[in-house]
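Read through the structure below, which is laid out as structure tokens, and then see the notes.
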Amino acid sequence: MSLNKQTIKWLNKNATSLSNKTILITGANSGIGFKTAEVCLHLGARVIMACRNQSKAEVAKSSLIKDYPDAKIELLSLDLANFSSIDAFVNQIIDNKIDFDVFVNNAGVFHRPGEKTADGLEEVLGVNYFGVYYLTQKLLPYLKSLNHEVVYVTTISMIHKFAKKINYNDFFFEKQYKNVPVYARSKLCLAKYTYYLSQKYKETNIKFIMTHPGIAITPLGVNAYGKKVGKAAKAIKWMFNSPEKSSLSLIFALSHNVSAGTIVGPNKLFGGWGYPKINKIAKKVKEGADKLIEFTEKTIKERI
Ligand SMILES: NC(=O)c1ccc[n+]([C@@H]2O[C@H](COP(=O)([O-])OP(=O)(O)OC[C@H]3O[C@@H](n4cnc5c(N)ncnc54)[C@H](OP(=O)(O)O)[C@@H]3O)[C@@H](O)[C@H]2O)c1
């Protein structure tokens, strides 16, 4: 493990210190979330890893401690595919007055046809969008009560730009499941919701921003397409961003103190790879949030 030379060089040039900062990262046991935790530790932050599988979280924590023996790392349990687990997670934060400066909604899934959340929603939309929406709504009063700035980050994907107009008559692709359009819709919804919040809470202590990692070979795709494809992808991984490079979108956003509603992602190949920069926000991200939120609230009410 440990960070590679190019990353350190980039960090020396572009990153500000994160000492005295606490960064909470969901899905921090794997892929980009894990590397985000490592980079944050390197920059002096205290890290809270919110993971659904506590054994995986313990393994990830131990491996970080090996490289950063003085690291301050805490673990929390969170399953975004289960509204009760989200309730328990938020209650734990409130009851224990767990403080953080940055909350990174990194956890996500891709291409799980037929899989449902505990509350019966299609899993990709259920975790990537509904889980994050529900978590955010529950957490908002607590975030408002903190007497310092909180940067609230959602992890979208460059693919949100290619998502088709939302069809509310077949929101969950029940007629025909298509893996990429489902994922793209989940990230477009997340982007619309985050942008909406960024405008609504502009004058408050909560700053909503978005990052995306480009394309990186992580368990996300391997879990979806299987080990054979995973092996092939690993052979050409030099064509993609490393999870480490992908994690720099967050560091860029924090170090440049980007304004509310900003999207940060890689600078090359339509955002597929490279070092981070501020991205242009597509018109479709800025439009139609009211209808989406109305639909989301109704769907959640039916499921609880
Ligand atoms: N890799 C890419 O090219 C790419 C591109 C665009 C966007 N992204 C986004 O980047 C983020 C990180 O993805 P990654 O590539 O690093 O994938 P990853 O290695 O598979 O990491 C995903 C993380 O999310 C966790 N997770 C999955 N379902 C969850 C649930 N129900 N509740 C809580 N945590 C859950 C996973 O936990 P387990 O380890 O227990 O499964 C894992 O820790 C995701 O939001 C993804 O959509 C990735």
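Name every residue in region 60-75 that is within 25 Å of G131 (Cα to Cα) and not basic (K, R), in order of residue number.
Hits for region 60-75 are A60, I73, E74, L75.
Does I48 meet the test of being surrounded by 14 or more Cβ atoms within 10 Å (Cβ to Cβ) and touching a helix residue (DSSP H, G or I) at 6+ places or on another chain (Cβ under 7 Å)?
no
Please work out if S17 is over 18 Å from the mean Cα position of the chain (by Cα) and open to solvent by 30 Å² or more (accessible area, probe 1.4 Å).
yes
List the number of the failed condition for S84; all other conditions in (1) away from the ligand (no atom under 15 Å from the Cβ); (2) surrounded by fewer than 16 Cβ atoms within 10 Å (Cβ to Cβ); (3) closer than 24 Å to K301 by Cβ hold.
All conditions pass for S84, except number (1).
From the list K284, K277, K298, which residue is surrounded by fewer than 17 Cβ atoms within 10 Å (Cβ to Cβ), at pLDDT 95 or above and closer than 29 Å to V47 by Cβ?
Exactly one of K284, K277, K298 is surrounded by fewer than 17 Cβ atoms within 10 Å (Cβ to Cβ), at pLDDT 95 or above and closer than 29 Å to V47 by Cβ, namely K277.
For region 169-196, which residues satisfy the criterion of being of a type in the set (K, R) and part of a loop (DSSP other than H, G, I, E, B)?
Across region 169-196, the qualifying residues are K175, K178.
For region 189-210, enumerate the residues that are touching a strand residue (DSSP E or B) at 6+ places or on another chain (Cβ under 7 Å), open to solvent by 10 Å² or more (accessible area, probe 1.4 Å) and without any contact (Cβ under 8 Å) to a residue 60 or more places away in the chain.
Once the filter is applied, which keeps residues that are touching a strand residue (DSSP E or B) at 6+ places or on another chain (Cβ under 7 Å), open to solvent by 10 Å² or more (accessible area, probe 1.4 Å) and without any contact (Cβ under 8 Å) to a residue 60 or more places away in the chain, region 189-210 yields Y201, K207.
Any residue that is assigned to a loop (DSSP other than H, G, I, E, B), β-branched (V, I, T), away from the ligand (no atom under 16 Å from the Cβ) and farther than 19 Å from E115 by Cα - is there at least one of those in region 201-211?
yes
Using the structure shown, decide if D87 is part of a loop (DSSP other than H, G, I, E, B), in contact (Cβ under 8 Å) with a residue 12 or more places away in the chain and among the charged types (D, E, K, R).
no
For N223, which of the numbered conditions (1) under 18 Å from L125 (Cα atoms); (2) at pLDDT 90 or above; (3) surrounded by fewer than 20 Cβ atoms within 10 Å (Cβ to Cβ) fails to hold?
Here N223 clears every test but (2).
Given I166, I159, which one is part of a loop (DSSP other than H, G, I, E, B) and open to solvent by less than 50 Å² (accessible area, probe 1.4 Å)?
Unique residue meeting the criteria: I166.
Answer yes or no: is there a residue in region 128-137 that is touching a residue at least 40 places away in the same chain (Cβ under 8 Å), away from the ligand (no atom under 16 Å from the Cβ) and of a type in the set (A, V, I, L, M).
No.
For region 102-126, how many residues are open to solvent by less than 10 Å² (accessible area, probe 1.4 Å), among the aliphatic types (A, V, I, L, M) and more than 18 Å from T22 (Cβ to Cβ)?
Qualifying residue count, region 102-126: 3.
When you scan region 114-135, do you find a residue that is farther than 19 Å from K298 by Cβ and of a type in the set (K, R), even just one?
No, region 114-135 contains no residue that is farther than 19 Å from K298 by Cβ and of a type in the set (K, R).
Any idea how many residues of region 171-188 are open to solvent by 20 Å² or more (accessible area, probe 1.4 Å) and away from the ligand (no atom under 14 Å from the Cβ)?
8
Can you report the number of residues in region 91-145 which are under 30 Å from F173 (Cα atoms), part of a helix (DSSP H, G or I) and β-branched (V, I, T)?
4
Among the residues of region 259-282, which ones are charged (D, E, K, R) and assigned to a loop (DSSP other than H, G, I, E, B)?
K280
The values are calculated or read from the model by the stated rules, or taken from the named source; none is laboratory data. Bear in mind the structure is a predicted one, so any value in this text is a computation, not a measurement. Cβ: placed from backbone, ideal geometry, glycine included. Neighbour counts: every protein chain shown. For the accessible areas, the whole protein counts, side chains as well, though only heavy atoms, and no ligand, DNA or RNA atoms are used. Shrake-Rupley method; radii C 1.70, N 1.55, O 1.52, S 1.80 Å.
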